[in-house]
Structure formats: C-alpha cells, structure tokens
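The values are calculated or read from the model by the stated rules, or taken from the named source; none is laboratory data. Given the structure is predicted, the values throughout are model-derived calculations rather than measurements. Using ideal geometry, Cβ is built from the backbone for each residue, glycine included, and neighbour counts are taken over all protein chains shown.
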Amino acid sequence: MQIIPLPAFSDNYIWLLRSGRHAAVVDPGDAAPVLRHLADEGLTLVAILVTHHHPDHVGGIEAILDAHPVPVFGPAMEDIAGITHPVSQDDEVLLPELGAEFRVLDLPGHTAGHVGYYGEGALFCGDTLFAAGCGRLFEGTPAQMYDSLGKLAALPGDTQVYCTHEYTLSNLAFAAAVEPSNAAITERIVSSQALRAAGTPTVPFPLEGELLTNPFLRSADPEVIAQAQVQAGHALKAPVDVFAAIREWKNRF
Ligand SMILES: [Zn+2]
C-alpha cells in the first residue's frame, strides 16, 4: 500500500491510500485535489476516513460522495454529514481492496470526539499529534489531550505518523524555546529545513523521534518542567499540569 499526500489549502495534507487501482482518503477537507488525483490515476475510491468535524477535514466529503458513493468512517461522537460507519475506540476499519486494517483510537482533546486510525505501521491522527507539536484544545481539557497523546506515545516507535498539517518548522521553533539544550531538536530543525527547502513534506515521521523532540510528550523532562513552571509562575507537580502550562504557552508563542 502506498500513502500519498495531496496538499490542500495552505498547509493541509489529505492522505490517499492506494493499492493497485483502489484508493481511500483520510480527512478530505477539499474534494478538488482528491477527484483530480482519482481521475488522473484511474483509481476507484473504496472508502473515506475522517478524524474530526473541522471543515478543513470534512469539507470535501459531500462532493466526493456525489461522484464516488463509498462508505464513510468517522467519529461516532461528532455530527458529520455523510458518515455511514460511526466508529469509536477499538472498532476495526477493514479495507479489503487495499489489504489494510485499522484500529480506531478515541483521541479527545482537539475536539470532543476526535478519533485516530492505527494499522499497517501507520497512524492517522488528524489534529492530535503533530511533528514536534499537538493540536489546540478547542473542545477538550488538558487532561483529555494528555491522555490521548499518552495513548499515541505508547504505540510502537517505528509507527509512521500521518498528521494533517505541515506545522513542523514552527512547532520546532517552539520546541527549541522550551528545551534550548536539546540537541535532538536542533538536529531536527536542520533536517526539516532541508526537506522544506526541497519542497518535500516533513510528514510522515516516525513516532520514536517525537519522544525525543516533542515538548508535549516530554512533560517528565526536567528542562520541560522548569520552563513550564517559569511560564505558569508557580510550582507544577503533576505531568498533566506541566503539559497544560506548555500548551498554554504555545498559544501565546
Ligand atoms: Zn482540527
């Protein structure tokens, strides 16, 4: 199975999964690049997967369904037009035409019902985990997002993470402010700048690198704790409170 990025809007990636002449798409915020790619490549669409209800993730569903009436998998807890298969934690998404199976992960935080799809060594996590960052807390609490990120951090280290935005360089600038002495962040800035200079996406990326460079997965690190306490203006005891202080700082960064 190939996984191909279809750039959309200013910094979104719609992920197209392809095996032979069959394809599925994840978070089609815009129908145009999807319909164009399917036509250009002569592909048959077999499914749409959706992580959460924001327009830049669901805006293309209706127009795609007009041309390709296929099953639409999406979060059971969110009201999204076109969903035929509402899914939640531990549901299986079987795409036999692609020879692919995914397990659903509930990932509340960015939105209340956000889900992710894990399988075939890949994670489609929408706006929950980004390269060196995480989604804003529009509907969920810090504790919910902290738990959702913890669920993702526990997946195998070689999992390839397919998030939905190219935010990597700005996220790394923040990560470097949180941990000025973290050499892995400095190295990742150099390698990511080279990718972007060549017009190459920085996504996907392996999960294991996040554990070294993503401040939102590093709430137990002494330097992260120290910076969070400076930002909060008082001592922070629990890792979730460190996470909340770093997330709050990022909103102002
Ligand atoms: Zn979103």
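The residue list ALA132, ALA177, ALA184, ALA194 contains one member that is farther than 20 Å from VAL224 by Cα and either of a type in the set (Gly, Ala, Ser) or modelled with pLDDT of 95 or more (or both), which is ALA194. The helices (runs of 4 or more DSSP H) found entirely in the range 19-110 that carry 2 or more residues being hydrophobic (A, V, I, L, M, F, W, C) are 31-41, 61-67.
Among the residues of the range 74-103, which ones are surrounded by 14 or more Cβ atoms within 10 Å (Cβ to Cβ), in contact (Cβ under 8 Å) with a residue 40 or more places away in the chain and of a type outside the set (D, E, K, R)? Passing the criteria: GLY74, PRO75, VAL93, LEU95, LEU98, ALA100, PHE102. Could you list, in sequence order, all residues of the range 129-139 that are in a loop (DSSP other than H, G, I, E, B), in contact with a Lys or Arg (Cβ under 9 Å, 6 or more places away or on another chain) and crowded, with 24+ Cβ neighbours inside 10 Å? Listed by number, the residues that qualify are ALA131, ALA132.
Going through (1) within 16 Å of the ligand (Cβ to nearest atom); (2) in contact with a helix residue (DSSP H, G or I) (Cβ under 9 Å, 6 or more places away or on another chain); (3) charged (D, E, K, R) one by one, ASP56 falls short only on (2). Exactly one residue out of PRO156, PRO71, PRO142 is at pLDDT 95 or above, closer than 24 Å to ALA47 by Cα and not aliphatic (A, V, I, L, M): that is PRO71. Whenever a residue of the range 195-208 is within 16 Å of GLU120 (Cα to Cα), its partners that are among the small types (Gly, Ala, Ser) and crowded, with 20+ Cβ neighbours inside 10 Å, lying with C-beta atoms within less than 7 angstrom and at least six residues away or across chains, give the pairs PHE205/ALA131.
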